[in-house]
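The values are calculated or read from the model by the stated rules, or taken from the named source; none is laboratory data. Just so it is clear, the structure is predicted and the values come from calculations on it, not from any experiment. Cβ: placed from backbone, ideal geometry, glycine included. Neighbour counts: every protein chain shown. Accessible surface is based on the protein model in full, side chains and every heavy atom, while ligands, DNA and RNA are left aside. Shrake-Rupley method; radii C 1.70, N 1.55, O 1.52, S 1.80 Å.
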Amino acid sequence: MQVQKFVEIIGAEFYAGVPDSQLKALCNYLINTYGIDSRHHVIAANEGNAAALAAGYHLATGKVPVVYMQNSGEGNIINPVASLLNDKVYAIPMIFVVGWRGEPGVHDEPQHIYQGEVTIKLLEDMDIKPFIVGKETTEEELKAAMDDFKTVLAQGKDAAFVIRKGALSYDEKVVYKNDNTMMREDIIRHITDVSGEDPVISTTGKASRELFEIREAKKMSHKYDFLTVGSMGHSSSIALGVAESMPDTKIWCIDGDGAVLMHMGAMALLGANAPKNMVHVLINNGAHETVGGMPTVGGNIDWIGVAKSCGYPNAVSVDTFEALDEALKAAKNRSELSLIEVKCSIGAREDLGRPTTTALENKENFMAYLKELKG
């Protein structure tokens, strides 16, 4: 189904959400139609943030908003759905558009398998009425579902369109770019040159995939790395947990701006604990690149100011490889928490593959290596 028809049938005037590759057609349509416009379209820090924004829109206008997200974001909306939107509380009606990653019977990456199995159940448990949209869904069926939803929404309840792979299409192209010149893959290669055999925790998406391929190219073991294939926004907290438990080992975290924004409070916890053996590298391209390149607000944030305000004793921003190497070596040699923001371009190799080890194998190999380091 063409996304224009999908949007027309829904009939909403306000969208907030977190981009998803399954919803790329919708995301590109919204960017082409509205851009980032606080009156019509906002890319939120996380899905709960989007639901709260949409609730504010409803309170001010009385109209029904739309919140879009990957199904992994269902966990982030449980709190506002249960304690804010629910008809036993404020009865705020909302339409969710949910990309169904890990749909049973459809091959997907490991972090999506269980989430895919429970996607519909979680919606139903939250009293959100679902309707599944697939390639075969007709306009008449979608209109009938929307008419049914209107009755639910009028009662102060919520509804969700669950989008199967390939269900929505959009023919127009959108080009996402910035003015930075350093590519993330090269940045990660420089990080591994300096980190050596130190443990590395990398964020979800292309960063972990590129780290895996760099180790392959260098014929290095993958035991040094914990590839956080899911749990977007939590890599730095995982790294903090490791660093606090292994104070004599340098621990590196490779993070992204979209991930840091999603759970930004983690930086405050990091700064408050200030582990002396941790280096937090924030690769900032101002984009949700793994799911298509849609913008974040990360490119406009003074991350050095944020880090220092949170208590990081060392924070620096770099935009050249010379400055990056200098910052990496200094961070490796100092006994204090460090943040290195690296300004990054949007774009990755077209032939980027995926790790060939399973998530469980990755965990077991990493844990074995940490045990080896402890002696």
Which of Lys5, Lys308 is most accessible, then next, and so on - probe 1.4 Å | Lys308, Lys5
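Taking a threshold of 31 Å on the Cα-Cα distance, which of the pairs Lys121/Lys371; Lys5/Lys157; Lys24/Lys219 fall above it?
Values: Lys121/Lys371 39 Å; Lys5/Lys157 24 Å; Lys24/Lys219 35 Å.
Checking Cα-Cα distances, Lys121/Lys371; Lys24/Lys219 exceed 31 Å.
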Compute the signed sum of charges (Lys and Arg +1, Asp and Glu -1) over the other residues within less than 13 Å, Cβ to Cβ, of Ser317.
-> -3
Sequence order, the range 311-326: Karplus ³J(HN,Hα) from phi using 6.51 cos²θ - 1.76 cosθ + 1.60, θ = phi - 60°, Hz rounded, Gly and Pro as x, gives x, 5, x, 9, 8, 8, 10, 10, 9, 9, 5, 4, 5, 4, 4, 4
Which Cα, out of Met94, Val133, Pro110, lies furthest along the positive dipole direction of the range 84-157 (beta carbon charges, K/R +1, D/E -1)?
-> Met94
Set of aspartates and glutamates near Lys308 by C-alpha distance (under 15 Å), chain-local residues within fewer than 8 positions excluded | Glu336, Glu341
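Could you please report the charge total around Met278, scoring K, R as +1 and D, E as -1 over all other residues with beta-carbon less than 12 angstrom from its beta-carbon? Don't skip to the answer; put the middle values down first.
Values: positive: Lys250, Lys276, Lys332, Arg334; negative: Asp198, Glu244, Asp255, Glu336.
Here the charged neighbours net out to 0.
Is the range 241-375 best put as rounded, prolate or oblate by its Cα gyration tensor, with a ≥ b ≥ c the root eigenvalues, rounded for a/c under 1.5, and otherwise prolate when a/b is larger than b/c, oblate when not?
Details: a/c = 1.65, a/b = 1.10, b/c = 1.50.
Judged from the Cα gyration tensor, the range 241-375 comes out oblate (a/c at least 1.5, b/c at or above a/b).
Roughly to the nearest percent, how much of the accessible area of the range 248-313 is carbon and sulfur, given a 1.4 Å probe?
Working: 1140 of 2120 Å².
In the range 248-313, the share of accessible area belonging to carbon and sulfur is 54 percent.
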With every protein chain present, what accessible area does Ile304 have (1.4 Å probe, heavy atoms only), rounded to the nearest 10 Å²?
-> 30 Å²
Which residue, Ile128, Ile301, Ile188, has the most motion in a Gaussian network model of the chain that connects Cα atoms within less than 10 Å?
-> Ile301
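FRET efficiency for Lys143 and Val297, Cβ-Cβ distance as r, R0 = 35 Å, nearest 0.05? It would help to have the intermediate numbers written out before the result.
On the way: r = 35 Å, r/R0 = 1.01.
Working from the Cβ atoms, E equals 0.50.
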Reachable lysines from Lys218, Cα under 22 Å, same-chain residues fewer than 8 places away excluded?
-> Lys206, Lys250, Lys329, Lys332, Lys363
For the range 1-110, the accessible surface attributable to carbon and sulfur atoms (probe 1.4 angstrom, ligands and nucleic acids excluded) amounts in percent to 52 percent
Which of Lys129, Lys343, Lys218 fluctuates most in a GNM of the chain (C-alpha springs under 10 Å)? That residue is Lys218
In whole percent, the Cα-Cα distances of the range 78-208 spread across 10 Å bins from 0 upward as 10, 26, 26, 21, 12, 4
In a Gaussian network model of the chain with springs linking alpha carbons closer than 10 Å, the residue among Asn71, Asn365, Asn300 that fluctuates most is Asn300
Using the alpha-carbon centroid of each, what span in Å lies between the range 121-150 and the range 197-243?
-> 38 Å
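Suppose all protein chains stay in the model; what accessible area per residue would a 1.4 Å probe give for the chain, in Å²? Mind dumping the intermediate values first?
On the way: 16320 Å² over 375 residues.
Accessible area per residue: 44 Å².
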